[in-house]
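Asker: First, the structure itself, so that you have it in front of you.
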Amino acid sequence: MSDLTTKTAAEIAALVAGGETSAVEVTQAHLDRIAAVDDQVHAFLHVDTEGALAAARAVDERRAAGEPLGPLAGVPVAVKDVLATKGVPTTVGSKILEGWRPPYDATIVERLRAAGTVMLGKTNMDEFAMGSSTEYSAYGPTRNPWDLNRIPGGSGGGSSAALAAYEAPLAIGSDTGGSIRQPGAVTGTVGAKPTYGGTSRYGLVAFSSSLDTPGPCARTVLDAALLHEAIGGHDPRDSTSIPQPVPDVVAAAKLGATGDLTGVKLGIVTEFAGEGAEPGVLAVFREAVDALTKLGAEIVEVSCPHFTYALPAYYLIAPSECSSNLARFDGVRFGLRVGDDGSRSLEEVMSLTREAGFGPEVKRRIMLGTYALSSGYYDAYYGQAQKVRTLITRDFTAAFEQVDALISPTTPFVAFPIGARTSDPYQMYLADLFTIPTNLYGGPGISVPCGLSDGLPVGLQVMAPTMADDRMYRVAAALESAVGTFTPPAL
Amino acid sequence: MTTTLPSYDDVVARYEPVIGLETHVELGTRTKMFCGCPTDFGGEPNTRVCPVCLGLPGSLPVVNKAAVEATIRIGLALNCSIADWCRFARKNYFYPDMPKNFQISQYDEPLCVDGYLDVEVNGETVRIGIERVHMEEDTGKTLHVGGATGRIHGATESLVDYNRAGIPLVEIVTKPIPGTGELAPEVARAYVTELRDVIRSLGVSDVRMEEGSLRCDVNTSLNLPGQEWGTRTETKNVNSLRSVERAVRSEMLRQASVLDAGGRITQETRHFQEDTGDTRPGRSKETATDYRYFPEPDLVPIAPDPAWVAELKAALPELPRVHRRRLQEQWGLSDLDMQSVLNAGAVELIEQTVAAGATPAAARKWWLGELSRRANETGVELVDVGATPEQVAELQGLVDAGKLNDKLARTVLEGVVAGEGSPTEVMTSRNLEVVSDTGALTAAVDEAIAANPDIADKIRSGKVAAAGALVGAVMKTTRGQADAKTVRELILARLGA
Ligand SMILES: [Zn+2]
């Protein structure tokens, strides 16, 4: 393992800016690492070797010409395959988009390029971001670098595993019900879900439009904040994008890193600190709470009574939106087309394409959502779920009148063995039990490593009010300063 | 199955019709509803498209503010309340001309609700209730090749052009219109005509039925007097004002014949047949798709600032009905005369001609006379006949100045319509100006007198009326370019009569 692959993004950027190494060297080191270990990890669906080296050369040329470089110039980044990348395959982990090369870049990808980062490639994910283990990828599961027989979380398991395996110092994820935070937790990395509307969804292949939030993944809180700052902010191409500047997350992370949380009041969500989690996870979480107390934080318990309804509400809202969002995958304009041999009608071709192109979990959710939106059932399912969503938002609002931020374990259990939960969807859905409320509310949440349980990482989640993303970075960085970062066994 | 249709008089004597109209208007905004693609008519297939209007994965819609403004102005002109908060909704169904397989529309939260439009039929004012005015996006166009019907079923190939996909549409839905009796077809036509004029006066659409920028679906039902309203059918493919009237009438006749035979009306979509004037069944609504409407999560709600709405309201132009009444007064026309101006589609043309300097009487004469005749002959709308109001005013100016007589003016107009230039240019290039050189005229008069000594004698002996024949002869030699009155005076003076 090259020395360059173990550095943080902030360190790499400084080395490149100072001319101590080149962006090409950094990029090549990561490409070599991917070549060495990705057969085992399978974090990447596509490695864009040429594109990455070309981007790196451009950074080196700009530096040589004396042009100013951004704070992340020359830093490699892995991008979840849910974001459209111009000319670079974008599959969303699905057979239905196999071979599709978008004619345009997602806003976030544009901003990554503008910031001088180097896109290494596209990372594996549960098909259409529906899953919590990356086992629902149509291209095979990603494995957790901490234990290759275990899942790396999902849906963004590829991004988080790439970080844990030192294949990339930064990665982009997307979080609809926990798909950034839960993989972060089980791989011992940092994953932040920004405020909904704080990062642009333009070019993010939609799963559930009212919940999907792209965000940063990194090995340190500061790196996540730097990436957040680079990709965040208003985008006129996304109507739901908030027309306000990104909260100063970098300054907050730096402030937190001083290890002082004096005057910060944190609420433990009562509903998430009890039986819902594994004892090992709870034990590590309690130790982390003690650490936060030692840093000066005041800790109280806060009840959020409607959080227990979050999971069922989520499994009505997200499938409903997905049933509509995924209707466009019909073989007419892009991606897979099946049965177009001249003997079949257009309707049959559309139907065969969807039958062959979508995996079982995607079909399950399309059917759930189609049913929930049906005339006669709408009020009982979709309508009711929206009411629950409102109540959960009220719980958050009330909680944030008492505390600055809420904390909980990120996920109820550590990385489970591959195959352990695929036969029972509900057991799989439970992985997002603690992360889903934040999505329904629209606020930011971050998972930061807080310890190990039986040698496997446990994450602590910090949840903050909407557009107060900086608060969660401060708390997360403070905890990180106390407990340190966690390195998996060598691959 | 052929059934003999009852007579229309018989039908309206026994049944009461209820009609309703759903009108789609393509807005003339520069760009599409949810993206920056241009909206111009035509263009090579699939050239006015982008990731958004093609529904590519990851793309997102952004609302065109100009379209919202146009919709609010239409709503205000139709006396609607403007919602202070409303949302878009997704209408889900699979069809290849729908890039996303859902249409962004409005469902239970339309932008404008509960208005009315007054229309005149046979001198009576009928108030048509407006249920709602909402925004949506147009679909692409599909061409099905190889099937017998041109429909999707049985086609061997389907071609799709997405240039139209995402063009802003406004849908205007009336409340059910009962109580119009035998006038139902005319009321339907009068409503669409008035609606078209209102929207045109707002300048938000060119509202051309032939080009599809104004599309109309007609709902019709029949019931026995005193009984509940009948099952309605929805007739599509109604592409002209005349067709609106014919579609209602033919559907009334068809439904009456079904009911007379003891049958029941199926709630269905029917297609108007321009050639035969009847309607044919389309897809049945009883097995209709469940559109699974839900609020569009990709778009934030629209909350028009009440101050802005008030501003738009204050700035509305005079509505056509009010405007027409004012013009009728100014022009001094009887109701009947005004009606013929309306029927000819000449209101604006005459108005503009008057504005360009002609008298109302002269303007009306040209537009309802010579130009209407030409429009009829060539089968075009009067507005497309080939002469502009400014040209007509100029032509009349030449007549008033004595440079053209009536007959010459018609010849000049012919040249104008043929694209030869302005009236003055045509007059000069065709050498049609009235001969006013007295020397040349005197010579022509002397020539005519010499050639017709008998007539000249009659005039000398006091039979002044005989001068007509000599005037005719002079006009002939001057190729009609002399002023007949001047010629006559010259002849009489020459012969001492
Ligand atoms: Zn477009």
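Asker: Choose one of B:PRO17, B:LEU78, B:TYR95: the residue whose Cα lies farthest towards the positive end of the charge dipole of the stretch B:3-161 (beta-carbon charges +1 Lys, Arg; -1 Asp, Glu; about the Cα centre).
Answerer: B:TYR95
Asker: May I pose another question? Scaled to the compact-protein estimate 2.2 N^0.38 Å, what is the alpha-carbon radius of gyration of the stretch B:8-310, rounded to two decimal places?
Answerer: Normalised Rg, Cα atoms only: 1.02.
Asker: While we're looking at this one, here's another question. I'd like the mean, over residues of B:93-102, of how many other protein chain beta carbons sit within 10 Å of each residue's own Cβ.
Answerer: Mean partner-chain Cβ count within 10 Å for B:93-102: 5.
Asker: Oh, and also: Roughly speaking, what is the centre-to-centre gap between the stretch B:107-137 and the stretch A:252-286 when only Cα atoms are used, to the nearest Å?
Answerer: A separation of 59 Å, based on Cα centres.
Asker: Shifting gears a bit: Under the rule of -39500 (n - 2.57) per DSSP H run of 4 or more residues, summed and divided by the residues of chain A, what mean residue ellipticity at 222 nm is obtained, to the nearest 500 deg cm²/dmol?
Answerer: Helix-only estimate at 222 nm: -12000 deg cm²/dmol.
Asker: What dipole magnitude, in Debye to the nearest 20, does chain B give about its Cα centre under +1 on Lys/Arg Cβ and -1 on Asp/Glu Cβ?
Answerer: 480 debye
Asker: Taking a quarter of the surface of the convex hull around the Cα atoms of chain A, what do you get in nm²?
Answerer: About 21.9 nm², averaged over all directions.
Asker: In the structure displayed, which of A:LYS7/A:LYS80; B:LYS100/B:LYS236; B:LYS175/B:LYS365; A:LYS254/A:LYS294; A:LYS363/B:LYS65; A:LYS193/B:LYS141 lie more than 30 Å apart, Cα to Cα?
Answerer: B:LYS175/B:LYS365; A:LYS363/B:LYS65; A:LYS193/B:LYS141
Asker: Find me the longest stretch of chain B that has none of the exposed GluC sites (Glu not before Pro), where exposed means in a DSSP loop (not H, G, I, E or B) with at most 15 other Cβ atoms within 10 Å.
Answerer: Longest gap between qualifying sites, sites excluded: B:1-209.
Asker: I'd like the mean, over residues of A:325-335, of how many other protein chain beta carbons sit within 10 Å of each residue's own Cβ.
Answerer: Taking all residues of A:325-335 together, the mean is 6.
Asker: Okay, next question. Leaving ligands, DNA and RNA out of it, report the carbon-plus-sulfur percent of the accessible area of the stretch B:8-310 at a 1.4 Å probe.
Answerer: 48 percent
Asker: Right, something else. What number does the stretch B:438-494 give for Rg over Rh if you use C-alpha atoms and the Kirkwood radius?
Answerer: 0.92
Asker: Hey, another quick one. Just for the stretch A:3-255, what percent of DSSP beta bridges are antiparallel, to the closest 5?
Answerer: Bridges in the stretch A:3-255 that DSSP calls antiparallel: roughly 65 percent.
Asker: For A:ASP290 paired with B:ALA451, estimate the spin-label separation in nm (one decimal), with each label point 7 Å from Cα along the Cα-to-Cβ line.
Answerer: Between A:ASP290 and B:ALA451, the simple spin-label model gives 13.0 nm.
Asker: Something else about it: Report relative contact order for the stretch A:368-491 in percent, whole number only (criteria: Cα-Cα under 8 Å, sequence separation at least 6).
Answerer: 24 percent
Asker: Which value in deg cm²/dmol, rounded to the nearest 500, describes the helix-derived mean residue ellipticity at 222 nm for chain B, given -39,500 (n - 2.57) per DSSP H run of n ≥ 4 and division by the residue count?
Answerer: Using -39500 (n - 2.57) per qualifying helix, the result is -11500 deg cm²/dmol.
Asker: Where the accessible area of chain A is counted over protein heavy atoms with a 1.4 Å probe, how much of it, in %, is carbon and sulfur?
Answerer: The computed percentage sits at 52.
Asker: Sticking with this one: Can you give me the Cα centroid spacing of the stretch A:369-398 and the stretch B:308-334 in angstrom?
Answerer: 48 Å
Asker: Which is farthest toward the positive dipole end of chain A among A:ALA84, A:PRO417, A:ASN325, measuring Cα position about the Cα centre, with Cβ charges +1 (Lys, Arg) and -1 (Asp, Glu)?
Answerer: Ranked along the dipole, the leading option is A:ASN325.
Asker: Still on this structure, I have one more. With only Lys, Arg, Asp and Glu charged, each at its Cβ (+1 for the first two, -1 for the last two), find how big the charge dipole of chain A is about the Cα centre; round to the nearest 20 debye.
Answerer: In debye, rounded to 20, chain A gives about 560.
Asker: To the nearest Å, what is the center-to-center distance of the stretch A:189-245 and the stretch B:209-284, using C-alpha atoms only?
Answerer: That distance is 52 Å.
Asker: How do the peptides A:29-36, B:173-180 rank, highest first, by the average count of neighbouring beta carbon atoms within 10 Å per residue?
Answerer: Result, highest mean first: A:29-36, B:173-180.
Asker: Does anyone have the angle between helix B:438-451 and the longest principal axis of chain B? Alpha-carbon axes, 0 to 90°, nearest 10?
Answerer: 70 degrees
Asker: Sticking with this one: Give the interface area between chains A and B as buried accessible surface, both sides summed, probe 1.4 Å, in Å² to the nearest 100.
Answerer: Interface between A and B: roughly 2900 Å².
Asker: Which residues make up the longest stretch of chain A clear of GluC sites (Glu not before Pro) that lie in a DSSP loop with no more than 11 other Cβ atoms within 10 Å, not counting the sites?
Answerer: Result, exposed sites excluded: A:21-274.
Asker: Another one. Out of all DSSP beta bridges with both ends in chain A, state the antiparallel percent to the nearest 5.
Answerer: So the antiparallel bridges amount to about 65 percent of the total.
Asker: Then there is this: Among the DSSP beta bridges whose two residues both lie in chain B, what percent are antiparallel, rounded to the nearest 5?
Answerer: Roughly 95 percent of the DSSP beta bridges within chain B come out antiparallel.
Asker: Can I ask one more? Of B:LEU404, A:VAL349, B:GLY480, whose Cα points farthest to the positive end of the dipole of the protein assembly as shown (charges on the beta-carbon: +1 Lys, Arg; -1 Asp, Glu; origin at the Cα centre)?
Answerer: It is B:GLY480.
Asker: What percentage of the solvent-accessible surface of the stretch B:438-494, computed with a 1.4 Å probe over protein heavy atoms, is contributed by carbon and sulfur atoms?
Answerer: On the stretch B:438-494, the fraction of accessible area on carbon and sulfur atoms equals 56 percent.
Asker: Let me spell out the model: positive unit charges on the Cβ of Lys and Arg, negative unit charges on the Cβ of Asp and Glu, origin at the Cα centre of the protein assembly as shown. What dipole size does that give, in debye rounded to 20?
Answerer: 980 debye
The values are calculated or read from the model by the stated rules, or taken from the named source; none is laboratory data. Please read these numbers as outputs of a predicted model, since none were measured by experiment. Using ideal geometry, Cβ is built from the backbone for each residue, glycine included, and neighbour counts are taken over all protein chains shown. Just so you know, the surface numbers come from the protein's heavy atoms only, side chains and all, with ligands and any DNA or RNA stripped out. Shrake-Rupley method; radii C 1.70, N 1.55, O 1.52, S 1.80 Å.
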